[in-house]
Each structure stands twice: as structure tokens, then as C-alpha cells.
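Could you have a look at this structure, given as C-alpha cells, before my questions?
The values are calculated or read from the model by the stated rules, or taken from the named source; none is laboratory data. Everything quoted here is computed from the prediction, not taken from an experiment. Every residue, glycine among them, receives a Cβ derived from its backbone with ideal geometry; neighbour counts consider all protein chains shown.
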Amino acid sequence: MSTNDNLALGVPVPWYKEITTRQWKVLIAGFLGWGMDAFDFLLYNFTILAIIKEWGISTSETGLVASVTVVSSALGGCIFGVVADRMGRMKALTLTILLYSVASGFCGLSQNIWQLMLFRVLVGIGMGGEWSAGAALISETWPAKHKGKAMAIMQSAYALGGMLAGLVAGPVAAAFGWRALFFLGIAPALICLWIRYHVEESEMWVAQKEKIANKQIEDKQWTELFKGAMLKNTLLATAICTVFMIASLPTTIWLPTYLGMPVAQGGAGLSIVKSSWFTIPYFLGSFVGYLGFGFLIDWIGRKKSFALFFAASLIAVPVYMRVPVSEAIFICLTFLVGLFVVGYYGGFGVILGELFPTTLRATGQGLAYNIGRGITAFGITFVGSIQASIGGLGNALMITTSFFVLALLLLLALPETKGKALE
């Protein structure tokens, strides 16, 4: 008996057998795009110490490059969110992957920090736009009861991209120099060929465009996000993304530097290769967290799941940064920090997609998610600027981690949308 027959008769089947081939292909496209996005974005984190040494610049200046990249991702999210709503999810997804891949390769040709900053701006624009298009495509293609799992699987690609970066960064940089890392970032462009010929456009988006063309429904402009009842959702989504990211993103950005900094400067004192490889437990924990969070929000709901991860993060980070432990326990703590501090990103696409209608979904998601990223950039710069004056990166990162308290309070304003069908 086929899966469809079982479903018709009400016979339980594993959740993954309810998903069509078309839906799996859409998820694979979003997964690959986001994973390689992470790979290209995080390569810079592993070059910071080498760039500081070669160009004679400070942690504040390298932190500024990271911040500008994140700020530009906000711009990319807004631009390509509109492109995705107007021209289609697939076109926006393909264009953004090409952009961040080519720009990453050019980073390896930079001769000074200003050239590097320019190319990282382009990486950021592509990075922000890719998430907006991919998240909207998956949200509109997968069934409501499995949407949390789908978005978590997509988000988990970020951890795999990070682990891949951690695996290759140390050996490649040691053998060929930091520029070679950026040249590797061109590879994701090949994904576009597969997406172009194997992935279909969102049927929900196509149907909405047909209704607009036939004047069955009104075409909504992006300015509608700032009017009436929609304004409340836009402000809430932006506030949530901003606070959630300030609490976690600086830790991800600065972790390789923290691991490689001497103990006397508030770091972990590991070698360049070891500090690279020690990020792998962090991203492995993130991967487990992403997937686990997706199943959790489909099971117990959105708000309870976020609250659980936030509370655990408030405990895990201070213990990780301040309690002396053996190397084996340190690796385990690195895994737990990655799991809780980053794992809840698996639910971002779900809660954002459920706050906006189809005609404005990519624009709304991109705006909220990437404005949050842009504001978080100041937190990244803040950490780099104050770390020397307060005893090192560990202490500075605990300041941004304290934002999890505010994140818990913001959950009170978030509507519970478990099982909600998209409009």
C-alpha cells in the first residue's frame, strides 16, 4: 500500500513520507544555499588574526569589517526580499548565491582593509538576500504541520557550513595563506546550476501573482508593512530578530579569535590550527540544536521552545567563558554553547513566515531578519572595541549574552502560531 493510500485511510506514516519530491528539492536548494552562505561568511572569522598580523591593524578595525558585512546583509535582505516578492523566489535565490560566491573570491585579492570591506559588503548583500528568498520558498512549499522541521533543516545547513569552514580553514591558511580561504568561497556558485534545472517556483507565490493579474486581489506594496495591523507585526518581528541576534551572533563571530587569543589577553590560548578545529564542536552543537529545535516547536509550540533555549544559554555561556576545566570538558561545553546559543535559529523562518502574508512574506521576513542583523553589527564592533579594557573577549561576550534576558521578555508579545496555515 502506498503512502497516499495510508494517508487516505488515516494510517500513521513517518512524517518524511508525507513530503513530496518537489518539496524535498525546494528544501535541498534552500539548504545548500544557506550552508554555503555560512561557509563564505564565516571564512573571514578564521582570517582575522592573520590579517591583523599582515596589515598591522587592530581588533576594532577587523571587527568593523565583520560589522559592515552584517549591516550590508540587512540591505541585501531588504533588496532581495522585494525582488523575491516581485520576480519570484527562485530568481532571487539564484542571484544571491552567485553574488556572495563571486564577492567572496574577490576578498582574496584585497590589498588593504578598505578593499576587503567593499567585497565583504557584497558578500553581506548576497548573504542577507539568500535567506529571505530561501526561507519564503520553503515556508510556502512545505505543509504547515512540518514547517518547523523544514525550516530547522534549512537552518542546520549553517552549522554544516561552519564546520566545513572550521575543517579547512586552519590547514589551508597554514599551507597557502589566508587569501586562499576566500578563493574557496567561489565554489557555491555551482549550486545555481542545479537549482536552475531542478527546483520549481513556489505555487503559492505563482497563484497570488495570477490573482493580482486578474484583479482578484489587490497587489500590496512593501509600504503596507508599516501600516495598520501589519505595522505591529513588522515591529515585533524586527525587535525579536534584533534582540535574539545580539544575544548570540557576537559569540559566533568572535569564537575563533577567542580560542586563538593568549590566556593573558582573556582568550583560550589555542594554536591557529587547534582554534580552527575547536570550532567544530560548536557548529556540531549548532547543527543538533537546529534540528532538535525544529521538531521541538512542532511538538510543544514556538514560545516554550524559545524560552527553553534562552534560559539554557544564560547558564551555558558564563560557565564556558569563566569556569576552568579540562580540555575534554571544554570541548563538551563548546558543543553545548553551540546547541543552545545558536540552535534556536532553526525557528526564525517559522515565526517570521507566520507573521506576514504571501505577497509580503519575503519582504517582511527579509526586512525583520536582516535589520536585526544590521543592528547586531554594532554589538560585534562593541565586543571588539571593549574586550581589551574589560579583561578579554570572554568578558565582552558575556555582556551580549545577557540580552537573552530581554529575549525572554519579548516572547510574551509573540503570538503562538503552532499549526497556523499561511495566508
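Can you tell me which residues in segment 61-100 are buried (at least 19 other Cβ atoms within 10 Å of the Cβ) and in contact with a Cys (Cβ under 8 Å, 6 or more places away or on another chain)?
94, 97
State the number of residues belonging to segment 137-195 that are in a helix (DSSP H, G or I) and over 22 Å from residue 55 (Cα atoms).
To start, the set of residues in segment 137-195 that are in a helix (DSSP H, G or I) comprises 137-141, 144-176, 178-184, 187-195.
When the remaining residues are screened for being over 22 Å from residue 55 (Cα atoms), the result is 137-141, 144-168, 187-195.
Of the residues in that region, 39 qualify.
With respect to residue 391, determine if the residue is outside any helix (DSSP H, G or I), of a type outside the set (Asp, Glu) and closer than 30 Å to residue 58 by Cα. It would help to see each step written out before you state the result.
On the way: outside any helix (DSSP H, G or I): yes; of a type outside the set (Asp, Glu): yes; closer than 30 Å to residue 58 by Cα: yes.
For residue 391, the condition - outside any helix (DSSP H, G or I), of a type outside the set (Asp, Glu) and closer than 30 Å to residue 58 by Cα - is met.
Please indicate, with yes or no, whether at least one residue in segment 336-352 is in a helix (DSSP H, G or I), farther than 19 Å from residue 154 by Cα and either touching a strand residue (DSSP E or B) at 6+ places or on another chain (Cβ under 7 Å) or not acidic (Asp, Glu) (or both). Break it down into steps so the answer makes sense when it comes.
Within segment 336-352, the subset in a helix (DSSP H, G or I) is 336-352.
Filter again for farther than 19 Å from residue 154 by Cα, leaving 336-337.
Among the residues that remain, those that are also either touching a strand residue (DSSP E or B) at 6+ places or on another chain (Cβ under 7 Å) or not acidic (Asp, Glu) (or both) are: 336-337.
For segment 336-352, residues in a helix (DSSP H, G or I), farther than 19 Å from residue 154 by Cα and either touching a strand residue (DSSP E or B) at 6+ places or on another chain (Cβ under 7 Å) or not acidic (Asp, Glu) (or both): present.
Here's something else I'd like to know. Does segment 106-114 contain any residue that is in contact (Cβ under 8 Å) with a residue 40 or more places away in the chain, assigned to a helix (DSSP H, G or I), out of contact with any helix residue (DSSP H, G or I) (no Cβ under 9 Å at 6 or more places or on another chain) and of a type outside the set (Phe, Trp, Tyr)?
The answer is no, given that none of the residues of segment 106-114 is in contact (Cβ under 8 Å) with a residue 40 or more places away in the chain, assigned to a helix (DSSP H, G or I), out of contact with any helix residue (DSSP H, G or I) (no Cβ under 9 Å at 6 or more places or on another chain) and of a type outside the set (Phe, Trp, Tyr).
Which residue pairs have Cβ atoms closer than 7 Å, lie 6 or more positions apart in sequence or on different chains, and pair a first residue in segment 27-41 that is in contact (Cβ under 8 Å) with a residue 24 or more places away in the chain with a second residue that is buried (at least 24 other Cβ atoms within 10 Å of the Cβ) and of a type in the set (D, E, K, R)?
33/130; 34/130; 37/130
Sticking with this structure for a sec: Can we say residue 380 is modelled with pLDDT of 80 or more and either surrounded by 24 or more Cβ atoms within 10 Å (Cβ to Cβ) or closer than 22 Å to residue 283 by Cβ (or both)?
On the way: modelled with pLDDT of 80 or more: no; either surrounded by 24 or more Cβ atoms within 10 Å (Cβ to Cβ) or closer than 22 Å to residue 283 by Cβ (or both): yes.
So residue 380 does not fit the description; no.
Residue check, residue 181 against (1) of a type outside the set (Val, Ile, Thr); (2) modelled with pLDDT under 85; (3) over 16 Å from residue 32 (Cβ atoms); (4) buried (at least 23 other Cβ atoms within 10 Å of the Cβ), all met but one. Which one?
(2)
Moving on. Which is buried (at least 24 other Cβ atoms within 10 Å of the Cβ) and either part of a helix (DSSP H, G or I) or at pLDDT 90 or above (or both), of 264, 237?
Sole residue among the options that is buried (at least 24 other Cβ atoms within 10 Å of the Cβ) and either part of a helix (DSSP H, G or I) or at pLDDT 90 or above (or both): 237.
While we're here: Those residues that are under 16 Å from residue 406 (Cβ atoms), aliphatic (A, V, I, L, M) and at pLDDT 90 or above, I need them from segment 313-323; list them, please. Explain how you work it out, then say what you get.
So in segment 313-323, the residues under 16 Å from residue 406 (Cβ atoms) come out as 313-314, 317.
Subsequent filtering for residues that are aliphatic (A, V, I, L, M) retains 314, 317.
The answer is 314, and nothing else.
Confirm whether residue 405 is β-branched (Val, Ile, Thr), surrounded by 22 or more Cβ atoms within 10 Å (Cβ to Cβ) and assigned to a helix (DSSP H, G or I).
Details: β-branched (Val, Ile, Thr): yes; surrounded by 22 or more Cβ atoms within 10 Å (Cβ to Cβ): no; assigned to a helix (DSSP H, G or I): yes.
Criteria not met by residue 405.
Let me ask you something else. Can you say whether residue 316 is more than 19 Å from the chain's Cα centre (by Cα), surrounded by fewer than 24 Cβ atoms within 10 Å (Cβ to Cβ) and in contact (Cβ under 8 Å) with a residue 40 or more places away in the chain, as far as the supplied structure shows? Steps first, please.
On the way: more than 19 Å from the chain's Cα centre (by Cα): yes; surrounded by fewer than 24 Cβ atoms within 10 Å (Cβ to Cβ): yes; in contact (Cβ under 8 Å) with a residue 40 or more places away in the chain: no.
It is false that residue 316 is more than 19 Å from the chain's Cα centre (by Cα), surrounded by fewer than 24 Cβ atoms within 10 Å (Cβ to Cβ) and in contact (Cβ under 8 Å) with a residue 40 or more places away in the chain.
Test of understanding: among 257, 251, which residue is among the β-branched types (Val, Ile, Thr), more than 23 Å from residue 135 (Cβ to Cβ), at pLDDT below 85 and buried (at least 16 other Cβ atoms within 10 Å of the Cβ)?
Numbers: 251 fails: more than 23 Å from residue 135 (Cβ to Cβ).
Every option except 257 fails the conditions.
Condition first: among the small types (Gly, Ala, Ser) and either over 23 Å from residue 225 (Cα atoms) or in contact with a strand residue (DSSP E or B) (Cβ under 9 Å, 6 or more places away or on another chain) (or both). Now tell me which residues in segment 64-94 satisfy that.
Selection gives 66, 67.
Listed here are the residues, each with its yes/no results for (1) farther than 29 Å from residue 367 by Cβ; (2) modelled with pLDDT of 85 or more.
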| residue | (1), (2) |
| --- | --- |
| 22 | no, yes |
| 27 | no, yes |
| 41 | no, no |
| 53 | yes, no |
| 57 | yes, no |
| 75 | no, no |
| 103 | no, yes |
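Looking at residue 323, is it in contact with a helix residue (DSSP H, G or I) (Cβ under 6 Å, 6 or more places away or on another chain) and among the hydrophobic types (A, V, I, L, M, F, W, C)?
Values: in contact with a helix residue (DSSP H, G or I) (Cβ under 6 Å, 6 or more places away or on another chain): no; among the hydrophobic types (A, V, I, L, M, F, W, C): yes.
So residue 323 does not fit the description; no.
Residues checked against (1) in a helix (DSSP H, G or I); (2) modelled with pLDDT under 85:
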position	(1), (2)
210	yes, yes
220	no, yes
231	yes, no
245	yes, no
270	no, yes
283	yes, yes
294	yes, yes
